[in-house]
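**Q** Right, I'll just put the structure down here and ask away after.
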Amino acid sequence: MKICFYPGCSFATSAGYRESTEAVCRKLDIELNEIPDWNCCGATVMFGDNKLRATALAARHFALVQPMGFAELVTGCNACYATLRKAARLLAADEELFRKTQAVLHNLGLDLDRIPKIRHLLEVLVEAMPDSTSDKYKTLAVGAYYGCQLTRPDQELDKGNYPQILEHFLSRIGFAVQEHSASTRCCGASHAVIYQNECQGLSQRIIGEIKGKGAQVITTVCPLCQFNLDLAQNQKNGPGLPVTYFTQLAGLALGLAPAELGLNKLLVSADKVLTRP
Amino acid sequence: MVKSMSDFQPKIIALVCNWCTYTAADLAGTSRLGYPANIRMVRMMCTGMIDPKYILKAFLDGADGVFIGGCHPGDCHYINGNLKFRKRMPGMETIIKQFGFDENRLRLRWIGASEGPEFQHHITDFIQTIQEMGPSPAQGLMVL
Amino acid sequence: MSVYAMVKEKSLTEAVKTALTRLLSQDLVDAVLVAAKSPYSALPMPTLVAEASAMDGIDPLAPAAPFNAARQAATVSRQATGKRLALVLRPCEIRALIELVKLNQCTLENVVIIGIECLGRMENEVFLNHAAVHADMAAEFQKNTSLQDDITRTCKMCEQFTPTHADIVMSTLGAPENAVLFASGTETGEALLKELGLPTAENPAGSETVTRQLLEKRAACKKEVFAETSEKINSIEKFEQMIATCLNCYNCRQACPVCYCRECVFLTDVFAARPEALLRRAQKRGAVKLPTDTTMFHLTRLSHIAHSCVGCGQCSSVCPSNIPVADIFTTVAAQVQARYDYVPGRDVGEPIPYLMFEEKQKSGESK
Amino acid sequence: MTTQNKPRIGVYICHCGMNIAPRVDVEEVARFIQELDHVAVARDYKFMCSNPGQDMIIHDIKELGLNRVVVASCSPRMHEKTFRNAVKTAGLNPYYFQMANIREQVSWVTKDSREATEKAKSLVAAAVGRVFFHQPLDTREVTVAKSVLVIGGGIAGMQAALTSANAGYQVYLVEREPSIGGHMAKFDKTFPTLDCAACIMTPKMVDVLQHPGITLFTWSEVEKVEGFIGNFEVTVKKKPRYVDETKCTGCGTCMQKCPTKKVISEFNEGLSYRTAIYTPFPQAVPNVPVIDADHCRVLGQNKKCGVCAKFCETKAIDFEQKPEFVTLKAGAIITATGFQAFNPTSLEQYGYGRFPEVYTSLEFERLNNATGPTSGKVVMKNGKVPERVAIIHCVGSRDTRHRKYCSRVCCMYSMKFAHLLREKTGAEVWEFYIDIRSPGKLYEEFYNRVQEEGVRFIRGRVAEITDIIDDPGDQGRLTVIAESTLTRRTVRLPVDMVVLSVGLEPAKGSEDIGRLLGLSRDGDGWFNELHAKLAPVATPINGIFLAGCCQGPKDIPDTVAQSMGAAGEAIALLARGKVTTQAEISRIDPDLCSGCKSCIESCTYSAIRFDEARKVAVVNEALCMGCGSCAAACPSSAAGVKHFTDKQVMAEIEALLM
């Protein structure tokens, strides 16, 4: 399988997301075709500033995908996912905006005729990962964490507040799932830089809930979520809760080595919980 | 006597069913939902009783547009009169179009009894459409 | 599998007469409706023949038809009488008759339709002029191609010259001189043909080629007429020019086989003008042409019958002002019939479009 | 036309106080109209619908010899009848009248006074043009069947049935559930007087059962309705009960013995189980069980069982029962199909279905009820008594994403819950509300009372209910998060139990009933009354009336009052004994009819037959509804609807375009 991949700004530098994604895709024979010369999607910030510019910034990727011959664009970041979808939605609904965006892109030498379907890497792995045959991790209680942008505002992927797609995925690939109530709570996202204390509080509440319900490890689907949750644990209330990427758990399920999956890069070490007899 | 576009005050005949669209118009009235004064409504008991003659008569007497308002499918007071009228629409559109009337001068919309705002919207929108289209080609003809 | 028979006589008309006379003499039918000359004119008129001995004047293959005989056919088959009738009709007459059946104007119970493969008809005056020169117009028309070019404008664009729904099809295309071919179209026709005991024959080779060539010619003509007419009436003003000489005589509606109303609404009280209303109309537009409602009449008639128009051209033929009514009606009718995917005369079971409706919105239909 | 009956039209332009007059220059309209052909007099007047206004018309008809009347005022849906009566009083046929709607269609919707006046002129001129062609029409009288069909056996339907039957008329009461009683039977106490619902309800249920004038069909549905006012032909489907009502003594042995015991109880809102053969609740009326075919071992699973049949001493169990169809004749129909509670599952943030201690109000009613799953003890699923309870108002109501209207009863029942909670458990009760709506006799007093009882009120719509805790001491509790809009603070309140005060929505199946009866429904699905203020129980279909919540959310006092109102309308109709049929029906001119049967094919009501002898179509006036499909289908205009003739409509169109 070949997919067109948009990494976004935080992908490469995050703790093992890139490594695990690449390793898992290699193992599953998924060819990641990175969009050449991609730019920042603009995240949630740009839309507050200027609708056309924000749309064009995101839509530049739609134009870049066009000559690559893909009908779908895959990203592994919730903010990118939400932003690109928002741009796609606006363009589909507003002919005038579409024309204006075309004009902006035309000046850059790019043609925009059609809008690709935006998908999250999670959807790709949900389809591609085989069912687990091993009992190795079946007692490892994983708390699934989606962040606030994957299923909201449009609830196309799953229900908005209490989605289950990640839980189903985890249990299918051989992990025990710990249900909890913080799966779509905001971690603070990019506000963590400016409102450090407030965001710390948000992230700690999430960790407290997941830990309190009995999870041994958290798994996330977004670089910023992972970063905020991992960083928020000052460990004064006992040992921290490791925050992994779903791709890392997928890698483990496929039998890949922890180092290959960048698991050594986590701030709260996952070594202990992942060491299985 | 060529009038400029902005002077053009379209005359529009609306043939509406008593149970839904006429009631919606009353509701628009009680709710004070204003709309341009170009519309002239004729109360019918049901869109199903609208004879093609009425539409032709309106156009030949100088209407710039004819609006038909009925109950939503399934809501017809007479069960399916609206569906019977809907069946006539393609034929009427074809005929008026051949003789040079833009087929969009004839419009059918379903407006339920409780849809005062929808009534306001559809009427305003139709008047605007006709305003942009300009006077009916039948205006100013002596014979007919 | 159709059954074929061929009758060859001294002349074409004699051949037809032989076959039709047997219908009566063998008591297979009680009467035959067929075009026949009267002693007073060469113009064949629809005639109800009840005695074999009265077949002398029949001339169904003459290129003339002052009526679309569906009307007369419907009159004699208005209700089942217990008598068996044979109706000798042209294709457009059969199609109109099928429409009239749907409209409950007649019944096909106990009726045999003998369809004529039709090369066209002439306007009455043209026919009479030729008939003054040629005694046997039916025969002359078959061989004289210059006469064939004298058929009506509407016939020249007719692609449906082969009868449908006929129990027996009567044809001269591809037949030897002075011979008429009979082919069964239905089981009734097959049985009848066998009972008639006519000499059997094969389907003549080459008739298909002739048919195809004719079809191509007609299609080209039709395309041209539609394009020309559509352009001529594409504004209400142009249409006004086109019908400027209309006398409101309603001949067109009288001649129209599918205008089945006992009394046209335009002759009723609905359109009776009152003096004060006329004055007001005059005041509004400055002047008003009398009689009024000329345009209204034509457009209303279109809205009533466009779906059922069989394209027989009688409306043009009877217009005293030479308005090409049929050009207008066939042009609009083709569009309306396409919108409803309806072909008049195609099937007795196919309902008139306006008399049925769909619960679900069809795509492409108005919202 | 002789000089004597030459049209003389009187035109009256109404000011409607200040509703028409300032926007429309009524005097100018009158002056303009005066000049039109055949107009004998054109006047304007402050209130045409007032007695002096009507008298003016009557006087003019007599003095000036008017024979046609036009009134330009409000919608004909408002006052057409009023003016027709005035015209009739003066000795003219009431159909020599036409109304121009220059209020709803002109003065109320047109800003510019000039444009409004011009439009008014045009509409009045059109009415004048039309009335010229009006013809005198006659109505016929038809006998009314002396019986009433009531659809729905909740408190609304029961009350309507009792009132109608007490007037001496035969009543057929149809209820789709195995017992009458409806929602009210599920309640414990009723606000604001705190009467026990069962105490006031069960005697009424028994009255219904025992009333000689009421025939009760439970476990039955209305299958077909034909006919018209005074003469409805109704087919009722009696679903198989599998228990012979005539043999069953209601001893209850079958229910005790039934081995299928784990069927979720609908009546207890899923909080307890019932058997496969069951009565929904102990006081069910009739006290005859029903076998739930889906769960019965014999009927649903084709297994051997038949325990109920074995133990039934009167041999009332009949597994072979089939649906039975009963045909009834009814003069009037009262629709009382009620409501259903909003299902809050879609409001994910409230965690209903996810957190066991989040209840809907109906579930909470059952929790409070002595016949409920906990025998009336308010306890949590773990059996403990809650210490703090939050009640969330407006769940599903006043919410553009769900139901935009106020459900009217939730504030009051929420406060009833608060009172019961305080009384029964002593728990702290917090009500989260948007506004408190307590209009009603003793309602505001009740609000004050519960405040005095220590119930806390937070003004703010709850954002979320979560089990995420801030304080480890709150383990196992739920946290209610809301903004208190009075203090401008976020409230995070740990509680033991949450009650969602869900709103009301039209009962499932009311759409089907609507189609069956030809009733229209508003945007929210409630049945439309004929007039919101002046005809709140009548419907656009003559002879069909509305009772209770099927017309919109209502509390019990309003429901009962409206049911009596609906019964009153029905009784008035039946007592009159005769109805006049509408005059605006189809007629077919036999001289013009070509016998093509297009009208017959177009007629939805099979109201046209074919006269084979004359070969013309003939209208059956009793069945014709006047929809005019036949008229549109008839090319020669042989078929036409009286009062909507080609001449009349085209005269109106012509005048509008003058």
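**Q** Kindly list, by first and then second residue, each pair from a residue in region D:322-345 that is surrounded by fewer than 16 Cβ atoms within 10 Å (Cβ to Cβ) to a residue that is assigned to a strand (DSSP E or B) and acidic (Asp, Glu), limited to pairs with Cβ atoms under 8 Å and residues at least 6 apart or on different chains.
**A** Qualifying pairs under 8 Å: D:325/D:223; D:327/D:233.
Let's see how each residue does on (1) assigned to a strand (DSSP E or B); (2) within 14 Å of another protein chain (Cβ to nearest Cβ); (3) over 32 Å from the mean Cα position of the chain (by Cα); (4) surrounded by fewer than 20 Cβ atoms within 10 Å (Cβ to Cβ):
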{"position": "D:80", "(1), (2), (3), (4)": "no, yes, no, yes"}
{"position": "D:114", "(1), (2), (3), (4)": "no, yes, yes, yes"}
{"position": "D:125", "(1), (2), (3), (4)": "no, yes, yes, no"}
{"position": "D:149", "(1), (2), (3), (4)": "yes, no, no, no"}
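**Q** List the pairs whose first member sits in region A:201-217 and is farther than 15 Å from residue A:239 by Cα, whose second member is assigned to a helix (DSSP H, G or I), and whose Cβ atoms are under 6 Å apart, counting only residues at least 6 apart or on separate chains?
**A** Listed by first residue and then by second, the contacts come to A:203/A:228; A:203/A:229.
**Q** Looking only at region D:94-113, decide whether some residue is closer than 22 Å to residue D:138 by Cα and in contact (Cβ under 8 Å) with a residue 60 or more places away in the chain.
**A** Looking only at region D:94-113, we keep the residues that are closer than 22 Å to residue D:138 by Cα, and these are D:94-99.
Next, only the ones that are in contact (Cβ under 8 Å) with a residue 60 or more places away in the chain stay: D:95.
Looking through region D:94-113, at least one residue is closer than 22 Å to residue D:138 by Cα and in contact (Cβ under 8 Å) with a residue 60 or more places away in the chain.
**Q** If you check D:568, D:595, D:628, D:577, which single one turns out to be crowded, with 18+ Cβ neighbours inside 10 Å, more than 14 Å from chain B (Cβ to nearest Cβ) and touching a residue at least 12 places away in the same chain (Cβ under 8 Å)?
**A** Numbers: D:568 fails: crowded, with 18+ Cβ neighbours inside 10 Å; D:628 fails: more than 14 Å from chain B (Cβ to nearest Cβ); D:577 fails: crowded, with 18+ Cβ neighbours inside 10 Å.
Testing whether each residue is crowded, with 18+ Cβ neighbours inside 10 Å, more than 14 Å from chain B (Cβ to nearest Cβ) and touching a residue at least 12 places away in the same chain (Cβ under 8 Å) leaves just D:595.
**Q** Taking the condition at the interface with another protein chain (Cβ under 9 Å from one of its Cβ atoms), crowded, with 21+ Cβ neighbours inside 10 Å and not in a loop (DSSP other than H, G, I, E, B), does residue C:326 pass? Step through it out loud before you land on a result.
**A** Values: at the interface with another protein chain (Cβ under 9 Å from one of its Cβ atoms): no; crowded, with 21+ Cβ neighbours inside 10 Å: yes; not in a loop (DSSP other than H, G, I, E, B): yes.
When the stated conditions are applied, residue C:326 does not pass them.
**Q** Restricting to region D:527-555, what's the tally of residues that are part of a loop (DSSP other than H, G, I, E, B) and at pLDDT below 95?
**A** Residues of region D:527-555 part of a loop (DSSP other than H, G, I, E, B): D:528-530, D:532-534, D:536-537, D:539-543, D:547, D:552-555.
Then keep just the ones that are at pLDDT below 95; that gives D:528-530, D:532-534, D:536, D:539-543.
Qualifying residue count, region D:527-555: 12.
**Q** Scan the helices (runs of 4 or more DSSP H) fully inside region D:556-658 and keep the ones with 3 or more residues being under 30 Å from residue D:197 (Cα atoms).
**A** Values: elements: D:556-576, D:598-602, D:629-633, D:646-656.
Filter on region D:556-658 gives D:556-576.
**Q** Then there is this: Restricting the search to region A:1-34, which residues are in a loop (DSSP other than H, G, I, E, B) and surrounded by 19 or more Cβ atoms within 10 Å (Cβ to Cβ)?
**A** Residues of region A:1-34 in a loop (DSSP other than H, G, I, E, B): A:1, A:7-16, A:29-30.
Answer for region A:1-34, where residues must be in a loop (DSSP other than H, G, I, E, B) and surrounded by 19 or more Cβ atoms within 10 Å (Cβ to Cβ): A:7, A:8, A:10, A:11, A:14, A:15, A:16, A:30.
**Q** Listed residues D:479, D:485; which is within 21 Å of residue D:396 (Cα to Cα) and surrounded by 15 or more Cβ atoms within 10 Å (Cβ to Cβ)?
**A** Details: D:485 fails: surrounded by 15 or more Cβ atoms within 10 Å (Cβ to Cβ).
The conditions single out D:479.
**Q** Also, quick follow-up: Between C:52, C:35, C:74, which is surrounded by 16 or more Cβ atoms within 10 Å (Cβ to Cβ) and modelled with pLDDT under 95?
**A** Values: C:35 fails: modelled with pLDDT under 95; C:74 fails: modelled with pLDDT under 95.
Criteria check complete, one pass: C:52.
**Q** Here's another thing I want to ask about it. I want to confirm something. Restricting to region C:265-276 and keeping residues that are more than 7 Å from chain D (Cβ to nearest Cβ) and buried (at least 19 other Cβ atoms within 10 Å of the Cβ), which single residue is farthest from residue C:93 (Cα to Cα)?
**A** C:271
**Q** Would you pick out the residues in region C:235-275 that are of a type in the set (Asp, Glu) and either part of a helix (DSSP H, G or I) or at pLDDT 95 or above (or both)? Don't jump to the end; show me each part of the working.
**A** Of region C:235-275, the ones of a type in the set (Asp, Glu) are C:237, C:240, C:263, C:269.
C:237, C:240, C:269 - these are the residues of region C:235-275 that are of a type in the set (Asp, Glu) and either part of a helix (DSSP H, G or I) or at pLDDT 95 or above (or both).
**Q** Which residue pairs have Cβ atoms closer than 9 Å, lie 6 or more positions apart in sequence or on different chains, and pair a first residue in region A:123-149 that is free of Cβ contacts under 8 Å to residues at least 40 places away in the same chain with a second residue that is among the hydroxyl-bearing types (Ser, Thr, Tyr) and in a loop (DSSP other than H, G, I, E, B)?
**A** A:138/A:132
**Q** When the residues of region B:37-82 are narrowed to those that are aromatic (Phe, Trp, Tyr) and at the interface with another protein chain (Cβ under 8 Å from one of its Cβ atoms), which ends up nearest to residue D:99 (Cα to Cα)? Quick ask: steps written out before the conclusion?
**A** Of the residues in region B:37-82, the ones aromatic (Phe, Trp, Tyr) are B:54, B:59, B:67, B:78.
With the extra rule that they be at the interface with another protein chain (Cβ under 8 Å from one of its Cβ atoms), the set shrinks to B:54, B:78.
Details: B:54: 20, B:78: 23 Å.
Looking at residues that are aromatic (Phe, Trp, Tyr) and at the interface with another protein chain (Cβ under 8 Å from one of its Cβ atoms), I get B:54.
**Q** When you scan region D:390-437, how many residues do you find that are within 21 Å of residue D:552 (Cα to Cα) and either not in a helix (DSSP H, G or I) or not small (Gly, Ala, Ser) (or both)? Steps first, please.
**A** Taking region D:390-437 and keeping what is within 21 Å of residue D:552 (Cα to Cα), we get D:393-414, D:434-437.
Narrowing further to those that are either not in a helix (DSSP H, G or I) or not small (Gly, Ala, Ser) (or both): D:393-413, D:434-437.
Result for region D:390-437: 25.
**Q** Confirm whether residue D:52 is surrounded by fewer than 22 Cβ atoms within 10 Å (Cβ to Cβ) and in a loop (DSSP other than H, G, I, E, B).
**A** Details: surrounded by fewer than 22 Cβ atoms within 10 Å (Cβ to Cβ): yes; in a loop (DSSP other than H, G, I, E, B): no.
No: the conditions fail for residue D:52.
**Q** Which residues, counting only those in region D:410-432, are touching a Gly at 6+ places or on another chain (Cβ under 9 Å) and touching a residue at least 40 places away in the same chain (Cβ under 8 Å)?
**A** Matches in region D:410-432: D:410, D:412, D:424, D:428, D:429, D:432.
**Q** Then there is this: Among the residues of region C:305-320, is there at least one that is in contact (Cβ under 8 Å) with a residue 24 or more places away in the chain, facing chain B (nearest Cβ under 10 Å) and surrounded by fewer than 23 Cβ atoms within 10 Å (Cβ to Cβ)?
**A** Taking region C:305-320 as the starting set, the residues that turn out to be in contact (Cβ under 8 Å) with a residue 24 or more places away in the chain are C:305-320.
In the following step, the residues that additionally are facing chain B (nearest Cβ under 10 Å) were identified as C:306-307.
Still in the running and surrounded by fewer than 23 Cβ atoms within 10 Å (Cβ to Cβ): C:307.
Yes, the conditions are met somewhere in region C:305-320.
**Q** Can you say whether residue D:43 is assigned to a strand (DSSP E or B), among the charged types (D, E, K, R) and crowded, with 18+ Cβ neighbours inside 10 Å, as far as the supplied structure shows?
**A** Working: assigned to a strand (DSSP E or B): yes; among the charged types (D, E, K, R): yes; crowded, with 18+ Cβ neighbours inside 10 Å: yes.
For residue D:43, the condition - assigned to a strand (DSSP E or B), among the charged types (D, E, K, R) and crowded, with 18+ Cβ neighbours inside 10 Å - is met.
**Q** Only residues in region C:346-358 that are within 9 Å of chain B (Cβ to nearest Cβ) and closer than 20 Å to residue B:89 by Cα count as the first member; pair them with residues that are assigned to a loop (DSSP other than H, G, I, E, B) and at pLDDT 90 or above, Cβ under 7 angstrom, at least 6 apart or cross-chain, and list the lot.
**A** C:353/C:340; C:353/C:342
**Q** Given the residues D:465, D:469, which is the only one that is buried (at least 17 other Cβ atoms within 10 Å of the Cβ) and either in contact with a Gly (Cβ under 6 Å, 6 or more places away or on another chain) or at pLDDT 90 or above (or both)? Don't jump to the end; show me each part of the working.
**A** Working: D:469 fails: either in contact with a Gly (Cβ under 6 Å, 6 or more places away or on another chain) or at pLDDT 90 or above (or both).
Checking each option against the conditions leaves just D:465.
**Q** Could you pull out the residue among C:202, C:190 that is exposed (fewer than 14 other Cβ atoms within 10 Å of the Cβ) and assigned by TED's automatic domain parsing to the domain that holds residue C:52?
**A** Details: C:190 fails: exposed (fewer than 14 other Cβ atoms within 10 Å of the Cβ).
Criteria check complete, one pass: C:202.
**Q** Going residue by residue through region D:95-112, is there one that turns out to be assigned to a loop (DSSP other than H, G, I, E, B), closer than 29 Å to residue D:621 by Cβ and more than 10 Å from chain B (Cβ to nearest Cβ)?
**A** First, pick out the residues of region D:95-112 that are assigned to a loop (DSSP other than H, G, I, E, B): D:95-96, D:102, D:108-112.
Still in the list and also closer than 29 Å to residue D:621 by Cβ: D:95-96.
Now restrict to residues that are more than 10 Å from chain B (Cβ to nearest Cβ): D:95-96.
Yes, the conditions are met somewhere in region D:95-112.
**Q** Just to be sure I understand the filter: pairs with C-beta atoms under 6 Å, separated by 6 or more residues or on different chains, first member in region D:134-153 and within 27 Å of residue D:7 (Cβ to Cβ), second member surrounded by fewer than 24 Cβ atoms within 10 Å (Cβ to Cβ) and among the β-branched types (Val, Ile, Thr). Which pairs pass?
**A** Close Cβ pairs (under 6 Å, with a partner that is surrounded by fewer than 24 Cβ atoms within 10 Å (Cβ to Cβ) and among the β-branched types (Val, Ile, Thr)) amount to D:139/D:580; D:139/D:581; D:140/D:581.
**Q** Please determine, by comparing only the residues of region D:285-318 that are touching a helix residue (DSSP H, G or I) at 6+ places or on another chain (Cβ under 7 Å) and among the aliphatic types (A, V, I, L, M), which one is farthest from residue D:180 (Cα to Cα).
**A** D:307
**Q** Could you list, in sequence order, the residues of region A:36-54 that are part of a loop (DSSP other than H, G, I, E, B) and either surrounded by fewer than 16 Cβ atoms within 10 Å (Cβ to Cβ) or more than 17 Å from the chain's Cα centre (by Cα) (or both)?
**A** Applying the first criterion (part of a loop (DSSP other than H, G, I, E, B)) to region A:36-54 yields A:36-42, A:50.
Across region A:36-54, the qualifying residues are A:36, A:37, A:38, A:39, A:40, A:50.
**Q** Something else: Being surrounded by 19 or more Cβ atoms within 10 Å (Cβ to Cβ), among the polar types (S, T, N, Q), away from chain D (no Cβ under 14 Å) and in contact (Cβ under 8 Å) with a residue 12 or more places away in the chain: is that true of residue C:142 here? Before you say what the answer is, go through the steps one by one.
**A** Values: surrounded by 19 or more Cβ atoms within 10 Å (Cβ to Cβ): yes; among the polar types (S, T, N, Q): yes; away from chain D (no Cβ under 14 Å): yes; in contact (Cβ under 8 Å) with a residue 12 or more places away in the chain: yes.
For residue C:142, the condition - surrounded by 19 or more Cβ atoms within 10 Å (Cβ to Cβ), among the polar types (S, T, N, Q), away from chain D (no Cβ under 14 Å) and in contact (Cβ under 8 Å) with a residue 12 or more places away in the chain - is met.
The values are calculated or read from the model by the stated rules, or taken from the named source; none is laboratory data. All figures in this text were calculated on a predicted structure; none of them were measured in a lab. No Cβ is skipped: glycine too gets one built from the backbone with ideal geometry, and neighbour counts run over all protein chains shown.
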